[in-house]
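Inspection log for the structure reproduced underneath, given as structure tokens.
The values are calculated or read from the model by the stated rules, or taken from the named source; none is laboratory data. Quick caveat, the model's predicted, so the values are computed rather than measured. Counting neighbours? That spans all protein chains shown, and the Cβs are built from the backbone with ideal geometry, glycine included. Remember, those area values only see protein heavy atoms, side chains included, never the ligands or the DNA or RNA. Shrake-Rupley method; radii C 1.70, N 1.55, O 1.52, S 1.80 Å.
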Amino acid sequence: GAVVSQHPSWVICKSGTSVKIECRSLDFQATTMFWYRQFPKQSLMLMATSNEGSKATYEQGVEKDKFLINHASLTLSTLTVTSAHPEDSSFYICSAWTSGSSYNEQFFGPGTRLTVL
Amino acid sequence: QQPVQSPQAVILREGEDAVINCSSSKALYSVHWYRQKHGEAPVFLMILLKGGEQKGHDKISASFNEKKQQSSLYLTASQLSYSGTYFCGIASGGSNYKLTFGKGTLLTVNP
């Protein structure tokens, strides 16, 4: 299967700082990347859909000015949590999907655990 | 709208079988099943496309009933490694890749 990496795997930051999380598809070109947030013992909640070269589409209730998404290339998408607060602490997972594949599944990255103090 | 998974949790002994259900109030294009272990990212198990198909891999199989808008995941002769939270993700509304996940089913397999 395809490999998706995320960096960093975990980050601890002070309240008010910004944190950037990178998501890379290592062995394929991702038409679309998705960003999810998962709180402990809860489901994956889709935050936004990101297509290369265009603006991200945010789900209802997700602040686009707080969660900045940039999809610079077919292999890289970044999520920046701006002015992070303790309530932003969560497990952030990206996934990648390609329309050129014979598969239809999303390939998930290993996730980034964000802790805001 | 989020699909409904049942049961919420199940405890098995190694070798026993389990069924996890996923139902939706919307028409489905596809159903995707994932397993997630604690602190890790979800791992893809299988995808079922509309057409009422059934798929299987080793001792894990799944069915998709398009009319009933539901899917079931069957785990046969469970192994310790099957423990984890199982999520179904559904694609609907014209998109075959944007998924909405259920709340998950926590499966614990004991020796």
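Screening residue B:81 on (1) part of a strand (DSSP E or B); (2) under 24 Å from residue A:109 (Cα atoms) shows it passes everything except condition (1).
The set of residues from the stretch B:75-106 being over 22 Å from residue A:42 (Cα atoms), in contact with a strand residue (DSSP E or B) (Cβ under 7 Å, 6 or more places away or on another chain), modelled with pLDDT of 90 or more and open to solvent by 30 Å² or more (accessible area, probe 1.4 Å) comprises B:79, B:80.
Residue-by-condition table, conditions (1) within 13 Å of the chain's Cα centre (by Cα); (2) in contact (Cβ under 8 Å) with a residue 60 or more places away in the chain; (3) away from every other protein chain (no Cβ under 14 Å); (4) at negative phi:
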| position | (1), (2), (3), (4) |
| --- | --- |
| B:10 | no, yes, yes, yes |
| B:32 | yes, yes, no, yes |
| B:68 | no, no, yes, yes |
| B:73 | yes, no, yes, yes |
| B:84 | yes, no, no, no |
| B:105 | yes, yes, no, yes |
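Criterion applied to A:29, A:42, A:60 was being in contact with a Lys or Arg (Cβ under 8 Å, 6 or more places away or on another chain), modelled with pLDDT under 95 and either assigned to a loop (DSSP other than H, G, I, E, B) or within 14 Å of chain B (Cβ to nearest Cβ) (or both), and the one residue passing it is A:42. Confirm whether residue B:44 is open to solvent by 50 Å² or more (accessible area, probe 1.4 Å), within 11 Å of the chain's Cα centre (by Cα) and closer than 30 Å to residue A:57 by Cα. Yes; evaluated as a whole, the condition is true for this residue.
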